[in-house]
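Trainee: Structure in structure tokens, see below.
The values are calculated or read from the model by the stated rules, or taken from the named source; none is laboratory data. None of the values given here were measured: they were computed from a predicted structure. All Cβ positions, glycine included, derive from the backbone under ideal geometry; neighbour counts span all protein chains shown.
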């Protein structure tokens, strides 16, 4: 290394340890006469020795390599760092004007030695230039210079010795790593001589390392005639056209390793029946970027190929099966879409709609896209707990029927359906298949029938209603008459008495108004609107309109209503109709028993008339029991009691609809009704409703 240092403008890339020593020499007094200028020191790492020293010396520093190229007047760039990005940046430097010296560890040491030699030369020249120097001083000066050169030479030799020992150790470690690798691997040098052939390679090919290492016969295990391995292609730096001559279309550039090639071939000479091998070769380069060898790895793909062939055969079979059953699938899809009832496929976990048939679109007014992914419960009453609980408890293979449920079309128009839901498997997932049947017409007819029953019941309620209204009217009449008489007689009415009478009038007007409103509400035709309610409420309202009638018929009423009953889901208006029907039937039954006893002159015509109504909780149900001491029923009557138009009353005294309608109402709310009766002794109706969880 020898060049003129005078007036050099230098930039240094890389702040490694040698950088600090180089800076001390370049900026020190020893080379001052050369007028050297260090323009910049650049490194992405701020705390390296060179960067720290540059800042201490007051020299410009940068973490951006591009600033080096942007500087003007640079004569020399010292590159002390290997960084891939530097190659791209330094390509833009005009090398005709700017010299670039790539200093690895050895070259950096040589450069430092060169600078120190220059320092020594300058000192020697200065002393020789002194005219008064003696011969002895010259000899001493020469000896010192020689010792200095010897010292520098010894340092180089020591460095080279250390480097050689390190290289030997690295070579040993590399050989051990390659030899111990489970991946078949071999290495060739830049003269195509095989240097490594590991144990995995021996097992794969059946050729031992001692047969091949040191020769250029690495092709022998794979070919019947000499031909370049992929490693030879790399070392020989063959053109793509030459590579195609040997490997055709089976090779490609590696997407993982830069400048590496890979390929897959079948080698009939490997093993008994040949083997499929996937192989990759990559270059081994020296620090200056020259290719000094290549490494090739091999992977046995034979079993993978067999598995792939089996998969392809299976795919062919599956394709045949798919074609075979495609017609069946289309057939079932046609049946699904053309079913006369709307059908929903629902996810068991989320209750979201997965699929629908064409009938859903026709009946509900939604498109398929609008319903897919939407919660199924949104098309009905979302607060209906019976549906939610019923669907959650449904096990695989089980079915459940929900009757008279309200659904809504896209235009918000409501209609009633019976809905049957089955838990099953569809496309390898647990689903619910729901089929709905529009029963709006029958519900409307049933509602009309219930309304007719209400109107018939109103006739029975008339006497009680008249009594209930007459009582507040009498109070109002009495208070009004008293006020008028006292006014006509000129008697002053005390304020407290006047207030009390006015309050009585107001209270009784409200009472009469309440009775009229209650009867009007009962008589009106209401839409189904299930709400949470206490069963005691409609029972108590029955006695507001039938209380006087029970008194007139000399019936003792016992009410045992449990406080704090759990809530049920029903409609107050309709349940009141049920209990009015049961109470009026009980009155008729007890009157009939008394009439028969009077005619037979038994017990002086005196018969106990007692009506018992009680409510209580039994397990998960709210129970109401209505018992009487009437004439009772025979087994034949008990079997027909819930049939429409069946009655045991005289012609013109009953429609035969009351009990039938009551049965339908109770069933609508998920309830059941039971009868216990002994002919001649009395009857007990027990009604049970599910508790809201």
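Trainee: Which of the residues that make up region 84-111 are in a helix (DSSP H, G or I), in contact with a helix residue (DSSP H, G or I) (Cβ under 8 Å, 6 or more places away or on another chain) and surrounded by fewer than 18 Cβ atoms within 10 Å (Cβ to Cβ)?
Mentor: 89, 105, 106, 110
Trainee: Tell me, which residue of region 69-78 that is modelled with pLDDT under 85 and outside any loop (DSSP other than H, G, I, E, B) is farthest from residue 5 (Cα to Cα)?
Mentor: Selected residue: 70.
Trainee: Does residue 511 fit the bill of being in contact with a strand residue (DSSP E or B) (Cβ under 7 Å, 6 or more places away or on another chain), assigned by TED's automatic domain parsing to the domain that holds residue 559, surrounded by 12 or more Cβ atoms within 10 Å (Cβ to Cβ) and modelled with pLDDT under 75?
Mentor: no
Trainee: Scan region 539-558 and tell me whether some residue there is within 27 Å of residue 383 (Cα to Cα), at pLDDT 90 or above and surrounded by 13 or more Cβ atoms within 10 Å (Cβ to Cβ).
Mentor: There is at least one residue in region 539-558 that is within 27 Å of residue 383 (Cα to Cα), at pLDDT 90 or above and surrounded by 13 or more Cβ atoms within 10 Å (Cβ to Cβ).
Trainee: Can you tell me which residue among 31, 59, 23, 45 is crowded, with 18+ Cβ neighbours inside 10 Å, assigned by TED's automatic domain parsing to the domain that holds residue 125 and assigned to a loop (DSSP other than H, G, I, E, B)?
Mentor: Values: 31 fails: assigned to a loop (DSSP other than H, G, I, E, B); 23 fails: assigned to a loop (DSSP other than H, G, I, E, B); 45 fails: crowded, with 18+ Cβ neighbours inside 10 Å.
Checking each option against the conditions leaves just 59.
Trainee: Specify the residue that is nearest to residue 232 (Cα to Cα); the eligible residues are those in region 172-188 that are in contact with a helix residue (DSSP H, G or I) (Cβ under 8 Å, 6 or more places away or on another chain) and surrounded by 15 or more Cβ atoms within 10 Å (Cβ to Cβ).
Mentor: The extreme case among them is 188.
Trainee: Output the number of the condition that residue 590 fails; it satisfies all remaining conditions of (1) within 28 Å of residue 568 (Cβ to Cβ); (2) in a helix (DSSP H, G or I); (3) modelled with pLDDT of 85 or more.
Mentor: It fails just one condition, (1).
Trainee: In addition: Which one of the conditions (1) more than 40 Å from the chain's Cα centre (by Cα); (2) modelled with pLDDT of 85 or more does residue 299 fail to meet, given that it meets all the rest?
Mentor: Unmet condition: (1).
Trainee: Now for a separate question. Since residue 273 meets every condition but one in (1) within 43 Å of the chain's Cα centre (by Cα); (2) within 18 Å of residue 206 (Cα to Cα), which condition does it not meet?
Mentor: That leaves (1) as the condition not met.
Trainee: Of everything in region 221-249, what is in a loop (DSSP other than H, G, I, E, B) and surrounded by 15 or more Cβ atoms within 10 Å (Cβ to Cβ)? Give them in sequence order. Quick ask: steps written out before the conclusion?
Mentor: Narrowing region 221-249 to residues in a loop (DSSP other than H, G, I, E, B): 221-229, 237-239, 248-249.
If the condition is that a residue be in a loop (DSSP other than H, G, I, E, B) and surrounded by 15 or more Cβ atoms within 10 Å (Cβ to Cβ), then 221, 222, 228, 229, 238 are the ones that fit.
Trainee: Select, from 127, 116, 81, the only residue that is modelled with pLDDT of 75 or more and assigned to a helix (DSSP H, G or I).
Mentor: Of the residues listed, the single one that is modelled with pLDDT of 75 or more and assigned to a helix (DSSP H, G or I) is 116.
Trainee: Still on this structure, please answer the following. Sort out which residues of region 555-574 are in a helix (DSSP H, G or I) and either touching a strand residue (DSSP E or B) at 6+ places or on another chain (Cβ under 8 Å) or on the phi > 0 side of the Ramachandran plot (or both), and write them in order of number.
Mentor: Residue satisfying the conditions is 572 alone.
Trainee: Can you name every one of the strands (runs of 3 or more DSSP E) wholly within region 344-445 that holds 1 or more residues which are surrounded by fewer than 18 Cβ atoms within 10 Å (Cβ to Cβ) and over 28 Å from the mean Cα position of the chain (by Cα)?
Mentor: On the way: elements: 353-356, 399-408, 414-426, 429-438.
Once the strands (runs of 3 or more DSSP E) in region 344-445 are filtered for at least 1 residues that are surrounded by fewer than 18 Cβ atoms within 10 Å (Cβ to Cβ) and over 28 Å from the mean Cα position of the chain (by Cα), what remains is 399-408, 414-426, 429-438.
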